Amino acid sequence: MRPAQFLLLAFVLVALVKVIHSYRQRRMAPLDFLFWGLVWMGTAAIIIFPDATSSLAHLLGIGRGADLIMYLSLLISFYLIFRLYLALAR
């Protein structure tokens, strides 16, 4: 494993601990806990196995694994912005 992977995994671990802590403090709904837990565990898997994204991308008809990650990141970001917009509109 490369040094950058250790640094990224440390960040993911801190984020995952924060998610667990927020859930235990009852500041996060179970569905949100599940969503964010899966996001951070998926991120850790991508960091540990970067070649897997290329294989998955090819199965989906996308050229590179990095492109797949960008598409998914944009999709998730837009969804979260939409949810934030709805919450603020209320």
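The values are calculated or read from the model by the stated rules, or taken from the named source; none is laboratory data. Keep in mind the model is a prediction, meaning the values are calculated, not measured. Reconstructed Cβ throughout: ideal geometry from the backbone, glycine too, with neighbour counts over all protein chains shown. Protein only, heavy atoms only, side chains kept; ligands, DNA and RNA dropped before computing areas. Shrake-Rupley method; radii C 1.70, N 1.55, O 1.52, S 1.80 Å.
Structure above, values below:
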{"read-out": "Residue that is free of Cβ contacts under 8 Å to residues at least 40 places away in the same chain and touching an Asp or Glu at 6+ places or on another chain (Cβ under 8 Å), where the choices are 57, 44, 10, 89", "value": "57"}
{"read-out": "Some residue of the range 19-37 being surrounded by 12 or more Cβ atoms within 10 Å (Cβ to Cβ), modelled with pLDDT of 95 or more, in contact with a Pro (Cβ under 9 Å, 6 or more places away or on another chain) and assigned to a helix (DSSP H, G or I)", "value": "yes"}
{"read-out": "Qualifying residue in the range 70-80 (condition: touching a helix residue (DSSP H, G or I) at 6+ places or on another chain (Cβ under 9 Å), in a helix (DSSP H, G or I), touching a residue at least 24 places away in the same chain (Cβ under 8 Å) and open to solvent by 50 Å² or more (accessible area, probe 1.4 Å))", "value": "yes"}
{"read-out": "Filter pass, residue 15 being of a type outside the set (Val, Ile, Thr), in a helix (DSSP H, G or I) and either exposed (fewer than 10 other Cβ atoms within 10 Å of the Cβ) or in contact with a strand residue (DSSP E or B) (Cβ under 8 Å, 6 or more places away or on another chain) (or both)", "value": "no"}
